[in-house]
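Enquirer: What follows is a single structure, and I will ask about it in a moment.
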Amino acid sequence: MKAAICFERNQPVRVEDVTLDNPRRDEVRVRLLATGVCHSDLSFVQGIVRGKVPCVLGHEGAGIVEEVGKGVTRLSPGDKVVLSWVTPCGRCFYCRIGKPNLCELGEQINKTNRMPDGTTRVHKGELDLNVFSALGTMAEYAVVPASAAVKLPSDAPLDKCALLGCSVMTGVGSVLNTAQVAAGSRVAVFGAGGIGLNAIQGARIANAERIIAVDAQPNKLEMARGLTEGRGADYAFEAIGRKETIEQAYAATRKAGTCVVIGLGSIKESIALNVFFLPLLEKRLLGSWYGSANVHVDIPRLYELYRAGKLKLDELVTRTYSLGQINEAFADMTAGRNARGVITF
């Protein structure tokens, strides 16, 4: 099969022939039909997201189950699935307290880009390949942990539903799950890329009274204040991951309001908060990892919102690519030409 592989940082991704092992216990093989072109994959190529190379890219994908390993009872060949880039184990401390997005096993997988047992199922000759989030959806097939595969109805259009696996779940979930935005609220979203657009969608689904999309310019911060009668937003969401915009989003939040950081920034940067005003203003500053999602509950729920016409997916896909166009897709994303590019197989 063919897969898009990062062999070296800040160099073009190469599409190469690789071999794929059969699924082992608690694993499934999926024939990929679509994968989103997400900034996290480009950040891996650029070295912002850490991990060993060579690595098969892709973590936002959907496809059809072709084979199940021993012990898999929840899925069968022919099932349509969306893949979750955080694999929930269902047993660790965080899974038990209802935070499977912070699963200890999922964290281990994302740190190592290996299967739960520390090995890989993808090889280039004698070379073992790392696999982004143990999914590697920028490939024709993937062997993944069964608990990372979320079943969808048979009528689900997978070229659109692939986005449920990352950008939609992250953005919408930050509003509905992390912040739990109240109806009638005023919401500001800093950054209107793939994640920010879905935070805006989440605010609309939550029946926010006013939704303000803000860019990084200081004059737009003043506009946001004006649109919230000078108080600031009830909820502000930062979907960029930059020190400056996080501080601006916090500044745009009213007293006793909630500021949620979704964007993944550099590990080398820190934000500055005034220690006098921190207790005085009673603002909440929250992080949101993967939209605080319980994927096996939330992804099917999002699909039902899509089917009911309340969640837009088709409109997010602004261009489709072949796997061989991966570098062009990254260039288009960097230039801001897509809300979301999707590779189809």
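Enquirer: May I ask you to list the residues in segment 50-59 that are under 18 Å from residue 83 (Cβ atoms) and open to solvent by 10 Å² or more (accessible area, probe 1.4 Å)?
Expert: The first filter runs over segment 50-59 and keeps only residues under 18 Å from residue 83 (Cβ atoms), leaving 51, 55-59.
Correct list: 51 only.
Enquirer: What are the residue pairs meeting all of these: first residue in segment 143-172, first residue more than 30 Å from residue 25 (Cβ to Cβ), second residue surrounded by fewer than 24 Cβ atoms within 10 Å (Cβ to Cβ) and of a type in the set (Asp, Glu), Cβ atoms under 8 Å, and 6 or more apart or on different chains?
Expert: Sorted first by the residue in segment 143-172, then by its partner, the pairs are 160/314.
Enquirer: Follow-up question, since we're still on this one. Between a residue in segment 99-112 that is modelled with pLDDT of 95 or more and any residue that is open to solvent by 60 Å² or more (accessible area, probe 1.4 Å) and aromatic (Phe, Trp, Tyr), which pairs come within a Cβ distance under 6 Å, given they are 6 or more apart or on different chains?
Expert: 101/289; 102/94; 103/94
Enquirer: Condition (residue is assigned to a helix (DSSP H, G or I), within 28 Å of the chain's Cα centre (by Cα) and hydroxyl-bearing (Ser, Thr, Tyr)) applied to segment 242-256: is it met by at least one residue? Explain how you work it out, then say what you get.
Expert: Going residue by residue through segment 242-256, those that are assigned to a helix (DSSP H, G or I) are 243-251.
Now narrow it down to the ones that are within 28 Å of the chain's Cα centre (by Cα): 243-251.
Filter once more, keeping what is hydroxyl-bearing (Ser, Thr, Tyr): 245, 250.
Yes, because at least one residue in segment 242-256 is assigned to a helix (DSSP H, G or I), within 28 Å of the chain's Cα centre (by Cα) and hydroxyl-bearing (Ser, Thr, Tyr).
Enquirer: I'd like to check something: does segment 126-144 contain any residue that is of a type outside the set (A, V, I, L, M, F, W, C), open to solvent by less than 50 Å² (accessible area, probe 1.4 Å) and over 18 Å from the mean Cα position of the chain (by Cα)?
Expert: Taking segment 126-144 first, the residues of a type outside the set (A, V, I, L, M, F, W, C) are 126, 128, 130, 133, 136-137, 140-141.
Add one more test, that the residue is open to solvent by less than 50 Å² (accessible area, probe 1.4 Å), and what stays is 130, 133, 136-137.
Applying the additional criterion that residues be over 18 Å from the mean Cα position of the chain (by Cα) yields 130.
Within segment 126-144, one or more residues are of a type outside the set (A, V, I, L, M, F, W, C), open to solvent by less than 50 Å² (accessible area, probe 1.4 Å) and over 18 Å from the mean Cα position of the chain (by Cα).
Enquirer: From 302, 285, grab the single residue that is of a type outside the set (Asp, Glu), within 24 Å of residue 205 (Cα to Cα) and not in a helix (DSSP H, G or I). Show your work before the answer.
Expert: Working: 302 fails: not in a helix (DSSP H, G or I).
Every option except 285 fails the conditions.
Enquirer: Checking residue 234 against (1) among the acidic types (Asp, Glu); (2) part of a helix (DSSP H, G or I); (3) at pLDDT 90 or above, only one condition comes out false. Which one?
Expert: Failed condition: (2).
Enquirer: Please give the number of the condition residue 40 fails out of (1) open to solvent by less than 20 Å² (accessible area, probe 1.4 Å); (2) in a helix (DSSP H, G or I).
Expert: (1)
Enquirer: Looking at (1) in contact with a helix residue (DSSP H, G or I) (Cβ under 9 Å, 6 or more places away or on another chain); (2) under 15 Å from residue 312 (Cβ atoms), find the lone condition where residue 162 falls short.
Expert: It fails just one condition, (1).
Enquirer: Kindly indicate the residue of segment 293-339 that is within 28 Å of residue 2 (Cα to Cα) and of a type in the set (Phe, Trp, Tyr) and also surrounded by the fewest Cβ atoms within 10 Å (Cβ to Cβ) among those meeting that condition.
Expert: Step by step, filter segment 293-339, then rank; the result is 321.
Enquirer: Further question: When the residues of segment 69-85 are narrowed to those that are among the aliphatic types (A, V, I, L, M) and assigned to a loop (DSSP other than H, G, I, E, B), which ends up surrounded by the most Cβ atoms within 10 Å (Cβ to Cβ)? Walk me through how you get there before you give the answer.
Expert: Applying the first criterion (among the aliphatic types (A, V, I, L, M)) to segment 69-85 yields 72, 75, 81-83.
Checking which are assigned to a loop (DSSP other than H, G, I, E, B) leaves us with 72, 75.
Numbers: 72: 19, 75: 17.
Among them, the one singled out is 72.
Enquirer: Select, from 203, 188, 224, the only residue that is in contact with a strand residue (DSSP E or B) (Cβ under 9 Å, 6 or more places away or on another chain), in a helix (DSSP H, G or I), open to solvent by less than 10 Å² (accessible area, probe 1.4 Å) and modelled with pLDDT of 95 or more. Write out each step before concluding.
Expert: Numbers: 188 fails: in a helix (DSSP H, G or I); 224 fails: modelled with pLDDT of 95 or more.
The conditions single out 203.
Enquirer: Does residue 62 meet the test of being in contact with a Cys (Cβ under 9 Å, 6 or more places away or on another chain), within 20 Å of residue 2 (Cα to Cα) and either open to solvent by less than 10 Å² (accessible area, probe 1.4 Å) or of a type in the set (Gly, Ala, Ser) (or both)?
Expert: When the stated conditions are applied, residue 62 passes them.
Enquirer: On to the next question. Within 19 Å of the chain's Cα centre (by Cα), open to solvent by 20 Å² or more (accessible area, probe 1.4 Å), acidic (Asp, Glu) and under 29 Å from residue 7 (Cβ atoms) - does that describe any residue in segment 92-108?
Expert: yes
Enquirer: Another question, then. Can you say whether residue 219 is exposed (fewer than 12 other Cβ atoms within 10 Å of the Cβ), out of contact with any strand residue (DSSP E or B) (no Cβ under 7 Å at 6 or more places or on another chain) and at pLDDT below 95, as far as the supplied structure shows? If you could, list the steps in order and put the result at the bottom.
Expert: Working: exposed (fewer than 12 other Cβ atoms within 10 Å of the Cβ): yes; out of contact with any strand residue (DSSP E or B) (no Cβ under 7 Å at 6 or more places or on another chain): yes; at pLDDT below 95: yes.
Yes; evaluated as a whole, the condition is true for this residue.
The values are calculated or read from the model by the stated rules, or taken from the named source; none is laboratory data. Model, not experiment: these values are computed from the prediction. Quick reminder, even Gly has a Cβ in these numbers, built from the backbone with ideal geometry, and neighbours come from all protein chains shown. When the accessible area is computed, the model is the full protein with side chains, heavy atoms only, and any ligands, DNA or RNA have been set aside. Shrake-Rupley method; radii C 1.70, N 1.55, O 1.52, S 1.80 Å.
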